[in-house]
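Note sheet for the following structure.
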Amino acid sequence: MARVLENTEPLGSDTIVDEREETMVSLTGGQPTLRMARFLKPSTGYPGEAVQVPSVPLLFDTAASGLPKWPIKIAFKGWRWRNPQKWKEWIEGLHPHYGDVWKDVGIHEAIRSSACQIRRDGELILRLVEFWCPETNTFVFPWGEATITLEDVFVLGGFSILGESVTGSLPEELAAIGEEMNKERRKFSKTKARKASHSDWMNYFMGRGGESEHVAFLSLWLSKFVFPAPPFKTVSSDVFPISIRLAKGTPLALAPAVLASIYRDLRILKEQVLTAAASTDSADESKDGVPFAVWAPLQLVQMWAWEHFPVLRPTPNPLNQGKPRAAQWQDLKSEVEPETVRSVIASLPENFLWRPYVANLVSNWKPPSFYKEQEGWFLDCPDLNTELRSFARCLKACELVGLKCIEQYLPHRVAMQFGIDQDLPGRFTRCNATWEDAWRTYDNPRRYARFYIPARLFESDVTMRYLEWWKQMKNPPPPERSPQREGNTAESPCSFDAIAKYTSRRYGWGRQDCADEESSKEVPTPIRDLEARIAKLERSYDERIAQLKKCIRG
């Protein structure tokens, strides 16, 4: 039976959520209130210790000042919205035999979701990328931060949060199955396509029966819908260890791996735009005339946007009994113009729905058990049900281990997406030297942690210091400008050249001429005399809090 902790129990160091009395205020303004609040770790009470978003401008800052269109063409290779009827038939044919196995390992909803055709709105994805910050893996909107989280990947994609890492080798007793699958795959080199294409693979294995068909089915599902990778439309041997372990009943944590690939590709998209825009070559396409390819299942980002920005969404489909939540977005197309998308995203926090899955309990959709009517404290331990333990992972800052990538996950920067109050974000120390080290930040079975689940309809707030900090960060005082000689103009900090120079220094790539003296100049920054400003803000904050407490208690 799950152990529910009383709110009065003192919280020690092994907690995911802090609890303390603070002066809270709505992100949209209003009357401050002194109350007991909860915050995701790591948080801090001192603006000088808060981790800011980098001062380099976002793509949105440049786009808003005159970028007519994206300087590169994008090929969304991981987006499969035209699914053949034969794939749906294969799912239905295997479901009576293996449906229970899929439920046990946590992939039942993800497999059913793969039959949903999500029509691509490429403009929406690109407008969101304009706000992407790779250093925090969040969208930095003018009014606050938000991101696609493990909760979103779990609800919209049906991917499992609990289980072993996908980055692992097969146990010795299963190695023979892996060898057999590789042997079967090599046969396709003799076909007309000279590769194990998705269609040929399905035609070859569908209806064969037995374990080999099940492993082949899971291998196609993983290659096509979960971990797409070059070469295009080909079953990858990299997924065999995953498909075999799943077929044998071993739960695997697919959600963090999928989310890592999404974060990776959003970062790469931004980098490619900066490189292309700063290049002197023709910017419409890459140098060889081929559009730049991204491979992550970015349809999850589009569904995330439709769920969180109601103004941007089409009218959802009615959800039939037993269908996954993704089915309400099947085959729909948004009619919102690109410029409207940008203005909706950037304008007001009221346009953003922080918790769409609790605010909109879709008819015939079975919500997870962590959407509770009453708040409560829980202990993340083996006797807690899997959905509650999954929610604990959603709240914890950690490393996400994917296939050939590791990305940081910082939910404490977007706590309001979980119904938890927001304070100044503290620093998360990276631990990504090896995938094993990174995995221990996500799943450490030797340590239990207390965590808090808010009431379903609770409306979270931000601390007064967070509100002031955000305003200062997004609207800093103008920088001092050095005297310019006649005929010289200072480079705009929002220009593509300035951003590309910053990025080339940070990531080691960019225009070839970025190494010369002029290109090596620092990007102009709005932060001057940082220590003095911090001290002034802290004094102002302490005085304001003292006044507010006196007013509230009086």
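Since every read-out is calculated from the coordinates, none of them should be taken as a lab result. This is a predicted model, so every value here is computed, not measured. Note that each Cβ is placed from the backbone with ideal geometry, even for glycine, and that neighbours are counted across all protein chains shown.
Calculate the length of the line joining the C-alpha centroid of segment 294-363 to that of segment 373-438, in whole Å. Their Cα centres are 23 Å away from one another. Near the amide H of ALA75, within less than 5 Å, lie the amide hydrogens of PHE292, ALA293, VAL294, all on another chain or at least 5 residues away, with H placed in the peptide plane.
Amide hydrogen proximity for LEU400: with H placed 1.01 Å from N in the peptide plane, the residues at 5 or more positions away or on another chain lying under 5 Å are GLU407, GLN408, TYR409. Put a dot 7 Å past the Cα of LYS103, heading toward its Cβ, do the same for ALA193, and the two dots end up 3.3 nm apart. For the pair segment 449-475 and segment 28-48, the centres of their Cα atoms are 5 angstrom apart.
How much FRET efficiency would the formula 1/(1 + (r/R0)^6) give for LEU34 and ARG120, where r is the Cβ-Cβ distance and R0 is 60 Å, rounded to 0.05? Given R0 = 60 Å and the Cβ-Cβ separation, E is 0.80. Residue by residue, segment 185-197 carries 3J(HN,Hα) couplings of 5, 5, 4, 6, 5, 9, 7, 4, 6, 6, 7, 7, 5 Hz when phi is fed to the Karplus relation 6.51 cos²θ - 1.76 cosθ + 1.60 (θ = phi - 60°); x denotes Gly or Pro.
Highest mean packing comes first when the peptides 25-35, 320-330, 158-168, 407-417 are listed by Cβ atoms within 10 Å, giving 407-417, 158-168, 320-330, 25-35. Less than 5 angstrom separates the built amide H of THR44 from those of LEU424, GLY426, all sequence-distant by 5 or more or on a different chain. Here the simple spin-label model places points 7 Å from the Cα toward Cβ, and for LYS404 and GLU89 these points are separated by 3.4 nm. The phi torsions of segment 86-96, fed into the Karplus equation with coefficients 6.51, -1.76 and 1.60 and a -60° offset, translate into couplings of 5, 5, 4, 5, 5, 4, 5, x, 8, 4, x Hz, rounded to whole numbers, with Gly and Pro shown as x.
Quick one: check the C-alpha center-to-center distance for segment 154-173 versus segment 67-130, whole angstrom. If we compute the Cα centre of each part, the gap is 18 Å. Sorting 354-366, 231-243 by their mean Cβ neighbour count within 10 Å, with the most densely packed peptide first, gives 231-243, 354-366. Each of CYS431, CYS116, CYS133 was scored by other Cβ atoms within 10 Å of its Cβ. Listed from fewest to most, they are CYS431, CYS133, CYS116.
Given a cut-off of 31 Å, name the pairs among LYS187/LYS323; LYS41/LYS474; LYS86/LYS187 whose C-alpha atoms lie farther apart than that in the structure shown.
LYS187/LYS323
Subtracting the Cα-Cα distance of ARG430 and GLU337 from 0.36 nm times their residue separation leaves 29.5 nm of extension gain. Computed from label points 7 Å out along Cα-Cβ, the spacing between ALA75 and ARG186 is 2.9 nm. Straightening the chain between GLU164 and TYR46 buys 38.7 nm, computed as 0.36 nm per residue apart minus the Cα-Cα spacing.
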